[in-house]
Amino acid sequence: MGLSVGEETRFGMNHAAEEGPKERRKNVIWFISDQHRGQAMGIHGDPNVSTPNMDWLARTGCDFEMAYSGMPLCSPFRGSMLTSRYPHHCVPGHEYPLDPKLPTVASVFREHGYETLYLGKWHLDGFHESEGRAAFHLIPKERRGGFEKWLGYENNNSPWDSYVHGDMGEGEVMKKLEGYETDALTALLLQYLDEDRARPFFAVISVQPPHDPFIAPPEFMGGRSRGSVEFRQNVPSLQKVRDRAAEDLAGYYGMIENVDWNLGRVIGKLRDRKLLEQTHVMYFSDHGDMMGSHGQFRKMTPYEEAVRIPFLIGGEIPMDYGTRGCKAVKRVMINHVDIAPTTLGLCGIEKPDWMEGFDYSFCRLNRSETHDDIPDSVYLQSVAPNGGPDSVDQPWRGLVTMDGWKYVRFHGMPWLLYHLTEDPLEEVNLAHNGEFREKRLELEARLREWEEKTRDFESSRIVREEKV
């Protein structure tokens, strides 16, 4: 399952690096949003939203256009993000806890002398909201993923009524955030960036928006109303679907613009503090939202609106040989398990053996490298039922290939087959078209390779080839 890097990802020339004095390692910021689908950015052509700061990150660095949420659900994605392990090896479903014995990317950074900070949504302690409001659930220190400083909450679906607890180095606190959640969490990060420190830092800010409820601050609604939203072409004309999608999208886009504004505040603070050339700024989301496409809402479905995510690495760190931007990365596919090793690679830290993902840092660092082991597809999963009423509440397995094929198996049978290159809106399902039987067999074999490679032995297999 390997792919040699082609010309589109060989950024720069093959010069030997000169030995010099050892430099301080670069800082890293993860800015994570919740439920921001990859199509919903200005630079990706969505006419409903303006995202100048995300667009700037893409222009000054890397825009991974084929970035995926390998399991499009909050907790599993976050477990894989921190551990570089597939969900069936860490957090298989909604309200499952992350085993505190598992090492994380934060523990690796700390081993290399970094100060580590986590702010905001955690959703990895396994609290069941049927037992109370998750915003008030207190997460003990030993279950905070190895972060040195941590101020967050388990889950919260009320952006105007948010609470955080934790320890920023001065003892345990719990407090209510003032104002809108994303604004308040960003203000905490700005305070952190104002402090002088001798060590490099790895800082994470994880905000709940644009997750539902779709309530944006009034100044970010921009006169947007349910009647002014342009739908994606795969939203059916059924009135009840369009009515709901229009109402949701009006607030959704306002929330994304607020996230973008706050991302700009972080970039501005880094520039003011003369840290922007010392800091890799990474923006991504845990999954997308269907918003009426194919008649579905929310996540946990293998369609592009749910699994395709924004993934940007930017800032003003000059890349090799003085170049400034590699922009769109079209020849690699990044998945949730790749985030941690890629982040370590940006800082010159080799990924540990226990990480299952791939290090794509060479794309941002503009190194001229050839990798024969780059995955030529990404593995998609729904491992456990999630209880979601608006999408798919059953396990499935699938993959997306570099040459644009998507194949998904459901209950041991072929379910979806799309050629995304020709059909990006996934309007023509070829799974049961006899002309594509050979392609189904090929993709089924590649899917089985992923199951073997990741030891996903609980996956529903096709027992007899005749069923393919």
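Read the figures in this text as sums done on the coordinates, not as results from a lab. Bear in mind the structure is a predicted one, so any value in this text is a computation, not a measurement. No Cβ is skipped: glycine too gets one built from the backbone with ideal geometry, and neighbour counts run over all protein chains shown.
Give me the dipole magnitude in Debye, nearest 20, for the stretch 395-467 about the Cα centre, with unit charges on the beta carbon: positive for Lys and Arg, negative for Asp and Glu.
320
Run through the stretch 35-102 and list the trypsin sites (Lys or Arg not before Pro) located in a DSSP loop whose Cβ has at most 11 other Cβ atoms within 10 Å.
LYS101
Label points 7 Å out from Cα along the Cβ direction at GLN191 and MET413: separation in nm?
For GLN191 paired with MET413, the spin-label model returns 5.7 nm.
Can you run phi through the Karplus equation (6.51, -1.76, 1.60; θ = phi - 60°) for the stretch 167-180 and list ³J(HN,Hα) in whole Hz, with x for Gly and Pro?
9, 9, x, 10, x, 5, 9, 9, 8, 8, 6, 8, x, 7
Neighbouring Cβ atoms within 10 Å as the yardstick, rank LYS26, LYS299 fewest first.
With the sparsest Cβ surroundings first, the list reads LYS26, LYS299.
TYR86: net charge of surrounding residues, Cβ under 10 Å, Lys/Arg +1, Asp/Glu -1, itself excluded?
+1
Long-range amide H contacts for ILE309: which residues qualify at under 5 Å (H placed 1.01 Å from N, peptide plane, sequence gap of 5 or more or a different chain)?
The list, which skips near neighbours in sequence, is GLY38, ALA67, TYR68, SER69.
At most 11 other Cβ atoms within 10 Å and a DSSP loop assignment: could you name the GluC sites (Glu not before Pro) in the stretch 149-211 that fit?
GLU170, GLU178, GLU195
Give the distance, in whole Å, between the Cα centre of the stretch 172-235 and the Cα centre of the stretch 297-312.
Centre-to-centre distance over Cα atoms comes out at 20 Å.
Two-decimal Rg/Rh of the stretch 117-208 from alpha-carbon positions, Kirkwood Rh?
Reported Rg/Rh, Kirkwood definition of Rh: 0.95.
Find, among the trypsin sites (Lys or Arg not before Pro) in the stretch 159-266, those assigned to loop by DSSP (not H, G, I, E, B) with at most 10 other beta-carbon atoms within 10 angstrom.
The qualifying sites are ARG197.
Using only C-alpha atoms and all pairs of different ones, pull out the Kirkwood radius for the stretch 24-365 in Å with one decimal.
Final number for the Kirkwood radius of the stretch 24-365 is 20.0 Å.
Just how large is the dipole of the stretch 24-365 about the Cα centre, in debye to the nearest 20, putting +1 at every Lys and Arg Cβ and -1 at every Asp and Glu Cβ?
So the magnitude is around 620 debye.
Would you please state which residues of the stretch 278-313 a label at GLU129 would reach in this model, taking the label point 7 Å out along Cα→Cβ and a backbone N cut-off of under 14 Å?
Answer for this model: 298-299.
Starting with the fewest neighbours, write out CYS62, CYS363 ranked by other beta-carbon atoms found within 10 Å of each beta-carbon.
CYS363, CYS62
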